[in-house]
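Reading through the structure tokens given below for one structure.
The values are calculated or read from the model by the stated rules, or taken from the named source; none is laboratory data. Remember, it's a predicted structure, so these values are computed and weren't measured experimentally. When we count neighbours, we look across all protein chains shown, and the Cβ atoms used for this are built from the backbone with ideal geometry, even at glycine.
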Amino acid sequence: MSASPLRILFAGTPGFAASHLERLIASKHHILAVYTQPDRPAGRGRKLHASPVKQMAELAGLTVCQPASLKNEEAQRQLAAFNADVMVVVAYGLILPQAVLDTPRLGCLNVHASLLPRWRGAAPIQRAIEAGDATTGITIMQMNAGLDTGEMLACVSCPIGSRTNAAGLHDELALLGPPLLGDVLAAIESHQRHSRPQDDEHANYAYKILKPEAQIDWRHSASVLDHKIRAFNPFPVCYCELDGQRVRIWQASPLLSTAATQMPGAILRADKEGITVRCGEGELTIEVLQLEGGKPLEAKQLLSAYQALFAAGKHFTLPVASLDT
């Protein structure tokens, strides 16, 4: 166990990071300051909103720092003045230059939502589901100048179920990360002595999610589309078009099917089970969807008013070209 409380700087921005900050606040360690990204405009009025991490830090009476960058010397001097033992970084969103990585006595630790080196980068939760991975997890690593390439101190795994979406997996990992972080900090120097390098040959880059990726191409298999729909829930949410109207798909189930007699995108049936659509391979039953100007509804609710829109034999519009080209 650590002989005495650590002097910690914390850096993070979204709710996932806030759950880890909450654990540190309740621990014996001393939080010197909390770094988070500058307030951003949000909502219809585009008013400035504080990040979840800032909100939690202010409630706890902690010092909050919000530099636009850590690359300038003034920001680095301010950080060094805290004389921290370690800096804990969780979904901060800013690059830490080498000067910052070298400043704390025990360096900088990162809590990453993947079993490294499987998914490095910005969107490991979504990319794991999209790829059809059966397992993911949390890795705590010693940060270096590379992108999620540091030596691993500890990890914990988490299964990805056949119905798991990005929102649910995010919440599961947000529960697994904080206790693992607590264990590492309790014996940090021992964990550092026994750290393990990553195998770069097994690394994949989890690119940031872009809205155009969410368009459904019914020429893909039902399995591929199921993974995508779950990966992009709650953002950006998969969509397609029917009779010129955008339809957002929140939840669906893939089905095996007999030999195809309809083109991809054809509605095969629409009933209390959902709206079943022919795919490039198999069928997909849409269970929860949203029309423009409306809210997400179960298919059976929507069909009570829009049965004609989703009549069997109608076709969802296919993209001009496959999204893979």
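Condition first: closer than 23 Å to GLU189 by Cα and assigned by TED's automatic domain parsing to the domain that holds ILE140. Can you find one or more residues in region 70-79 that meet it? Checked against the condition, which is being closer than 23 Å to GLU189 by Cα and assigned by TED's automatic domain parsing to the domain that holds ILE140, region 70-79 yields at least one hit. All conditions in (1) of a type outside the set (A, V, I, L, M, F, W, C); (2) at positive phi; (3) buried (at least 21 other Cβ atoms within 10 Å of the Cβ) hold for SER114, with the sole exception of (2). Among residues that are surrounded by 14 or more Cβ atoms within 10 Å (Cβ to Cβ) and assigned by TED's automatic domain parsing to the domain that holds ILE25, ASP199 is not included. When VAL86, VAL34 are screened for being within 24 Å of LEU180 (Cβ to Cβ), touching a Pro at 6+ places or on another chain (Cβ under 8 Å), among the β-branched types (Val, Ile, Thr) and assigned by TED's automatic domain parsing to the domain that holds LEU109, only VAL86 passes. ALA42 - would you say it is more than 20 Å from LEU175 (Cβ to Cβ) and either in contact (Cβ under 8 Å) with a residue 60 or more places away in the chain or not basic (Lys, Arg) (or both)? Here the answer is yes, as ALA42 does meet what is asked. Scanning region 20-68 for residues that are part of a helix (DSSP H, G or I) and surrounded by fewer than 13 Cβ atoms within 10 Å (Cβ to Cβ) yields one hit, LEU59.
For GLN98, the criteria (1) free of Cβ contacts under 8 Å to residues at least 60 places away in the same chain; (2) buried (at least 22 other Cβ atoms within 10 Å of the Cβ) hold in every case but one, which is (2).
Yes or no, residue by residue, for (1) of a type outside the set (S, T, N, Q); (2) part of a helix (DSSP H, G or I); (3) under 21 Å from GLY293 (Cα atoms):
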site	(1), (2), (3)
ILE209	yes, no, no
GLU213	yes, yes, no
LYS228	yes, yes, no
PRO236	yes, no, yes
CYS240	yes, no, yes
ILE249	yes, no, yes
THR261	no, no, no
ALA270	yes, no, no
ILE275	yes, no, yes
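Any chance you could count how many residues in region 197-223 are without any contact (Cβ under 8 Å) to a residue 40 or more places away in the chain and among the β-branched types (Val, Ile, Thr)? Qualifying residue count for the region: 0. Condition test on ASP217, is it outside the structural domain of ARG120 (by TED's automatic domain parsing), at pLDDT 95 or above and either touching an Asp or Glu at 6+ places or on another chain (Cβ under 8 Å) or within 30 Å of ALA122 (Cβ to Cβ) (or both)? Criteria met by ASP217. Taken over region 204-221, the criterion of being touching a strand residue (DSSP E or B) at 6+ places or on another chain (Cβ under 8 Å) and either acidic (Asp, Glu) or surrounded by fewer than 18 Cβ atoms within 10 Å (Cβ to Cβ) (or both) is satisfied by ASN204, TYR205, TYR207, LYS208, GLN215, SER221.
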